[in-house]
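Just so it is clear, none of the values below were taken in a lab; they were calculated from the coordinates. Just so it is clear, the model here is predicted, and its values are computed rather than measured. Note: ideal-geometry Cβ built from the backbone for every residue, glycine included; neighbour counts use all protein chains shown.
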Amino acid sequence: MTTLTTALKAGPEAPAILHRCRELVAPALAEAVGGMHPWMREMADYALGRGAAGGAPAAHSQGKGVRQALAVLGAEAAGGPAEAGVPAAVAVELVHTFSLLHDDIMDGDAMRRGRPALWKAYGTGPAVLAGDALFALAVQTLTTASAPGAAHRLSAALGDLVRGQADDLLFAHRPWTGPEAVSVAEYEAMAEHKTGSLLGCALALGAHLAGAPEETAAVLDRTGRHLGVAFQIVDDLLGIWGDPAVTGKPVHGDLRQGKKTFPVLAALATPSGSALEGLLTARDDTAVVRAAAVVEQAGGRSAALREARRHLTVAHGLLASVQPAPRPAADLRTLLSALSRRTI
């Protein structure tokens, strides 16, 4: 079992896998976005890292293309050609981008991938509208894929994503301790919906478009959901201890915002976490630095790593159970492990 801090040695390295899939999907993604209203297209290009504010061409971070890769590899794992997963890859990438636009507005995050978030560059109203346009385009993309049930699978995943986002927002209004406090189990359900639903959809939708039976697609959906929980937990770790040069966000950002993250919830559940509540409420520079130290001392950081590894183990087991084609299976194992350690 690969840990979250060491790379899986078998198969191609994760960046090469992601690059191959992005290159395959890029023309179809560009064609889809190219048909949008000009202003929406300008904002979509900005959000996708292909343009600067105002519409000038620019080469900026376009993200890793994780969901695109999972869709392509899902098609290959089901025995189909990589091209079969391209419509799924375009659709999930558009939904993911739409969700990030709205997520930044709801969380008040001013930066995304090292530059102003879309709502800071264009305004809140335009950013909301651009997100709506991307979602509509995602659904439209699948209506031309000639695969019954594809759009339904995507809409079901979106419903779960919205449910998870709603829970995440509601968590902010609940106390840190006491009977109304957010439990670790509630957090994991939120993470599965908010993050895992679209990762699972990407894998399952790619396999679906390649002609896989529903049973196989369902197992791949569960694989992605477990990956999503691990992914979200590691994201929480980065939100407290991540390098701003890598994450594009300030260190201790989640503590300053008072977010209910896995390391914090795990630490609060221990006797050593009793000192946390006051620090989490204060949120000034001194308090957040001290809070990060207390979370680590109380075991929140190590508990988060253990739980992320556990979900990753389950994901690997589910993937093996569908007996995917050997090469995409190796690529998926590499990618699953790399995504959970988040150093690619």
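The table below lists the values:
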read-out: Residue selected from region 42-62 under the condition surrounded by 19 or more Cβ atoms within 10 Å (Cβ to Cβ) and either within 20 Å of the chain's Cα centre (by Cα) or not acidic (Asp, Glu) (or both), by the criterion farthest from Pro326 (Cα to Cα); value: Met43
read-out: Per-region count, region 166-187, residues in a helix (DSSP H, G or I) and buried (at least 19 other Cβ atoms within 10 Å of the Cβ); value: 2
read-out: Residue identified as under 30 Å from Gly79 (Cβ atoms) and under 18 Å from the mean Cα position of the chain (by Cα) among Leu312, Leu318, Leu305; value: Leu312
read-out: Residues located in region 100-125, provided they are in a helix (DSSP H, G or I) and closer than 22 Å to Ala59 by Cα; value: Leu100, Leu101, Asp104, Leu118, Trp119, Lys120, Ala121, Tyr122
read-out: Residue within region 101-116 that is of a type outside the set (Lys, Arg), more than 23 Å from Gly196 (Cβ to Cβ) and in contact with a strand residue (DSSP E or B) (Cβ under 9 Å, 6 or more places away or on another chain) present; value: yes
read-out: Any hit, region 101-115, residues being free of Cβ contacts under 8 Å to residues at least 24 places away in the same chain and more than 18 Å from Gln232 (Cβ to Cβ); value: yes
read-out: Filter result for Ala88 (hydrophobic (A, V, I, L, M, F, W, C) and under 17 Å from the mean Cα position of the chain (by Cα)); value: yes
read-out: Any hit, region 275-288, residues being surrounded by 21 or more Cβ atoms within 10 Å (Cβ to Cβ), among the charged types (D, E, K, R) and on the phi < 0 side of the Ramachandran plot; value: no
read-out: Filter result for Ala30 (more than 17 Å from Leu118 (Cβ to Cβ), over 19 Å from the mean Cα position of the chain (by Cα) and not in a helix (DSSP H, G or I)); value: no
read-out: Odd one out for Thr334, checked against (1) assigned to a loop (DSSP other than H, G, I, E, B); (2) buried (at least 17 other Cβ atoms within 10 Å of the Cβ); (3) polar (S, T, N, Q); value: (1)
read-out: Condition broken by Met36, with the remaining ones in (1) more than 19 Å from the chain's Cα centre (by Cα); (2) at positive phi satisfied; value: (2)
read-out: Subset of region 235-262 (residues that are within 12 Å of the chain's Cα centre (by Cα) and surrounded by fewer than 23 Cβ atoms within 10 Å (Cβ to Cβ)); value: Asp235
